[in-house]
Amino acid sequence: MEYIRQLEIGTKLSVRTMAEELGVSEGTAYKAIKEAEAAGLVSTKERIGTVRIQRRGRETPDRLTFGEVADIVQGQLYGGAGGLEKTLHKFVIGAMELDAMVRYIDAGSLLIVGNRQGAHRLALEQGAGVLVTGGFGTSEDIRLLADELGLPIISSKHDTYTVASMINRAMFDRLIRQKIMLVEDIVTYSRPVETMRLGETKGDYVRLAARVGGTRFPVLDERGRVVGMMTAKDAEGANETVPIEKLMTRNPITAAPNIPIASAAHTMAAEGIDLLPIVDKNRKLLAAVSRHEALEAMRYAGKQKESGETFDELIGAGFRLKEDADGERMAYEGRITPQMSGTFGTISEGVLVTLMTQAARGFIRELGKRDYVIESMTTYFVRPLQLESEVVIVPSLLEMSRKSAKLEIELKDPAGTAAKALLAAQLIDPY
């Protein structure tokens, strides 16, 4: 790992070369490369190979890198491997003369062009990368120039329109992912987690609990893996000399750092736990998140303006909230558009369910300033809905407690009831 860390950004690695230089087995070299990939030190890309990269956190992935573009367009690298981790701020389609093209190309851009080698050279000289469409390559002297400047030349078999669409879609997906709060966004890896080890006793647990003021601690084996959870309930009634491995809860619930915080909050609420260990794929402890931290993060996320182009947002975009004269009964009104149609020219059943769940979410948010995760939903499709119909979705509360809610949702068009649903939800604490 130290050998990999000291390599210059852009250096290509291979298992055989690394094994020969360090005098280790190829199996050891392979394991080190995989660990480095998990740590974000190297990246392995098809048709490009394994390359040393600059480690980037989740806080700065707002732009695509040239390497990511190569993956998106299923490209082959012809030169400039050292620039794969550089970010690009725009792409330019080279459908013009060279003297006109130069006005649009600057450092950090990507020129999308066919087999026009003059344009390839011009882009590199302006500090831009090159994406060659149609499966064409480039000349040897331009490849050497790309290596010298550290600017990638990538070739894709797709045409210009297709690769531009693929990149544009990836950029929208990136914006959407940025809005999803993950566990790794709220945990602090540098903050040590109070833990216990196999071989310790209930007496050690009591002293640790008194010292830190907590009652729930992950139990680790000699390799740092989470093998149990020790709580006050586990320790109750036991002699202080009893080893914790005889008292602890084995195979506790854990989570990976890249899961959404909503999923973690749901798990903790459903299982009634107050501390969730965050582990890697080998169950080694990385951090821990408390139920309070998860719910605080959910409250923060609930206040953020939604943006992006998810299917849910596109489906519900044309629906608006309407209250009756007394301000007590809420309904959502909107029109069934042609994009919502299913196989037979009527509204898709999946779209219908999405509209009703969105109405339920808006209803609960307005009523209790809370959000929810669905536990069950039973839907009755009374009759088909025609396109261009004006519909009204009316959620009604059947029961609500601190932890759950049950709703009836009715969807009507001018002819009457078209669908109904019964929804049971687990509530997330108020925000």
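The values are calculated or read from the model by the stated rules, or taken from the named source; none is laboratory data. Keep in mind that what you see is a predicted model, and the values were worked out from it rather than measured. With ideal geometry, Cβ positions are generated from the backbone for all residues, glycine too; neighbour counts draw on all protein chains shown. We work out accessible area using only protein heavy atoms, side chains counted, and drop any ligands, DNA or RNA first. Shrake-Rupley method; radii C 1.70, N 1.55, O 1.52, S 1.80 Å.
Does P277 satisfy the criteria of being crowded, with 16+ Cβ neighbours inside 10 Å and part of a loop (DSSP other than H, G, I, E, B)?
no
In the range 361-376, which residue that is open to solvent by 40 Å² or more (accessible area, probe 1.4 Å) and not charged (D, E, K, R) is nearest to the chain's Cα centre (by Cα)? Let's see the steps before the verdict.
Step one: list which residues in the range 361-376 are open to solvent by 40 Å² or more (accessible area, probe 1.4 Å), which gives 361, 365-367, 369, 374-376.
Still in the list and also not charged (D, E, K, R): 367, 374, 376.
Working: L367: 29, I374: 20, S376: 25 Å.
Taking the candidates together, the pick is I374.
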Item to complete: Consider only pairs whose beta carbons are under 7 Å apart and that are at least six residues apart or on different chains; among these, list those whose first residue lies in the range 1-14 and is touching a residue at least 12 places away in the same chain (Cβ under 8 Å) and whose second residue is open to solvent by less than 50 Å² (accessible area, probe 1.4 Å) and assigned to a loop (DSSP other than H, G, I, E, B).
Response: I4/L41; R5/L41; I9/I53; I9/E85; G10/L84; G10/G150
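Out of curiosity, is G272 open to solvent by less than 60 Å² (accessible area, probe 1.4 Å), without any contact (Cβ under 8 Å) to a residue 60 or more places away in the chain and at positive phi? Spell out the reasoning first.
Numbers: open to solvent by less than 60 Å² (accessible area, probe 1.4 Å): yes; without any contact (Cβ under 8 Å) to a residue 60 or more places away in the chain: yes; at positive phi: yes.
Yes: the conditions hold for G272.
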Worksheet item: Only one of (1) at pLDDT 90 or above; (2) under 30 Å from E245 (Cβ atoms); (3) in contact with a strand residue (DSSP E or B) (Cβ under 8 Å, 6 or more places away or on another chain) fails for T215. Which number is that?
Response: (3)
Item to complete: Answer yes or no as to whether N239 is touching a residue at least 12 places away in the same chain (Cβ under 8 Å) and on the phi > 0 side of the Ramachandran plot.
Response: no
Worksheet item: Among the residues of the range 115-133 satisfying the criterion of being in a loop (DSSP other than H, G, I, E, B) and in contact with a strand residue (DSSP E or B) (Cβ under 7 Å, 6 or more places away or on another chain), which is most open to solvent (accessible area, probe 1.4 Å)?
Response: N115
Discussion item. So, R191, is that one open to solvent by 40 Å² or more (accessible area, probe 1.4 Å), under 15 Å from N251 (Cα atoms) and in contact (Cβ under 8 Å) with a residue 40 or more places away in the chain or not?
Written reply: no
Item to complete: Answer yes or no: is there a residue in the range 230-240 that is surrounded by fewer than 16 Cβ atoms within 10 Å (Cβ to Cβ) and in a helix (DSSP H, G or I).
Response: yes
Worksheet item: Residue check, T379 against (1) under 21 Å from D312 (Cα atoms); (2) surrounded by fewer than 15 Cβ atoms within 10 Å (Cβ to Cβ); (3) within 30 Å of the chain's Cα centre (by Cα), all met but one. Which one?
Response: (2)
Practice prompt. Just one of (1) free of Cβ contacts under 8 Å to residues at least 24 places away in the same chain; (2) surrounded by 14 or more Cβ atoms within 10 Å (Cβ to Cβ); (3) among the hydrophobic types (A, V, I, L, M, F, W, C); (4) under 28 Å from Q426 (Cβ atoms) trips up L208, so point out which.
Written response: (4)
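From the list L64, L122, L110, which one is at pLDDT 90 or above, under 27 Å from the mean Cα position of the chain (by Cα) and of a type in the set (A, V, I, L, M)?
Details: L64 fails: at pLDDT 90 or above; L122 fails: under 27 Å from the mean Cα position of the chain (by Cα).
Of L64, L122, L110, the one residue that is at pLDDT 90 or above, under 27 Å from the mean Cα position of the chain (by Cα) and of a type in the set (A, V, I, L, M) is L110.
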Worksheet item: Taking the range 280-295 as the search range and keeping residues that are buried (at least 19 other Cβ atoms within 10 Å of the Cβ) and of a type in the set (G, A, S), which one is nearest to the chain's Cα centre (by Cα)?
Response: A294
Practice prompt. Tell me which residues, restricted to the range 128-161, are free of Cβ contacts under 8 Å to residues at least 60 places away in the same chain and either of a type in the set (S, T, N, Q) or within 13 Å of V92 (Cα to Cα) (or both).
Written response: A128, V130, V132, T133, S139, Y161
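Could you go through the range 328-347 and let me know if any residue there is among the aromatic types (F, W, Y), under 21 Å from L314 (Cβ atoms) and modelled with pLDDT of 90 or more.
Here is the first cut: in the range 328-347, the ones among the aromatic types (F, W, Y) are 332, 344.
Subsequent filtering for residues that are under 21 Å from L314 (Cβ atoms) retains 332.
Right, trim to modelled with pLDDT of 90 or more and you get 332.
Yes, the range 328-347 contains a residue that is among the aromatic types (F, W, Y), under 21 Å from L314 (Cβ atoms) and modelled with pLDDT of 90 or more.
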Worksheet entry | Enumeration of residues in the range 328-352 that are assigned to a loop (DSSP other than H, G, I, E, B) and open to solvent by 50 Å² or more (accessible area, probe 1.4 Å) | E328, R329, T343, F344
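Can you tell me which of V219, V226 is touching a residue at least 40 places away in the same chain (Cβ under 8 Å) and among the hydrophobic types (A, V, I, L, M, F, W, C)?
On the way: V219 fails: touching a residue at least 40 places away in the same chain (Cβ under 8 Å).
After applying the criteria, what remains is V226.
May I ask you to list the residues in the range 241-267 that are of a type in the set (S, T, Y) and outside any loop (DSSP other than H, G, I, E, B)? It would help to see each step written out before you state the result.
Of all residues in the range 241-267, those of a type in the set (S, T, Y) come to 241, 249, 254, 263, 267.
Hits for the range 241-267 are T249, S263, T267.
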Discussion item. It is to be established whether one or more residues within the range 143-155 are assigned to a helix (DSSP H, G or I), open to solvent by 70 Å² or more (accessible area, probe 1.4 Å) and within 20 Å of D71 (Cβ to Cβ).
Written reply: no
